[in-house]
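What follows is a short report on a single structure.
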Amino acid sequence: MRARENKQEGLFKELKSLAEQSGFGVRCEKLLREAGFRVKSGSCSVNGKKWVILDRSLPPRDRIDLLADEIRDAIPETSEIPSSLQKYLAHPTPKRQSEQPQTESSV
């Protein structure tokens, strides 16, 4: 199990490096949640710089998927994408159940 986590951390570092080469800032932060306020990982722009903020409490695989989803369309076609990352950047990652939009059911 530990070897798998180390491999995923290595993949995340490679992906983070690719994101930074493509003009993104990447931060892993403890995203606090308070009553009535839900914070999620995602991207934003601050003073013209693109940022991806990821919840550091997420498992490495989830951070990889989220970062890949955020930077996929911004990577220049001239970039050489390491073979280890190509499958993550080839197609969108299916949304996890926790990320599905909440809909109200009629009663």
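Could you pull out every one of the lysines with an alpha carbon less than 26 Å from that of Lys7, ignoring same-chain neighbours closer than 8 positions? Once the sequence-local lysines are set aside, what remains near Lys7 is Lys16, Lys30, Lys40, Lys87, Lys95. Exposure proxy for Val39, Val46, Val52: other Cβ atoms within 10 Å of each Cβ, ordered fewest to most, give Val46, Val39, Val52. If R0 is 35 Å, the Cβ-Cβ spacing of Leu32 and Glu80 corresponds to a FRET efficiency of close to 0.40. Using a cutoff of 8 angstrom between alpha carbon atoms and counting only pairs six or more residues apart, the relative contact order for the stretch 24-74 works out to 37 percent.
With R₀ fixed at 25 Å, the C-beta to C-beta distance from Arg2 to Trp51 puts the FRET efficiency at about 0.25.
Where a number appears in this text, it was derived from the coordinates with a stated rule and is not lab data. Note that the structure is a prediction, hence the values are computed from the model and not measured. Quick reminder, even Gly has a Cβ in these numbers, built from the backbone with ideal geometry, and neighbours come from all protein chains shown.
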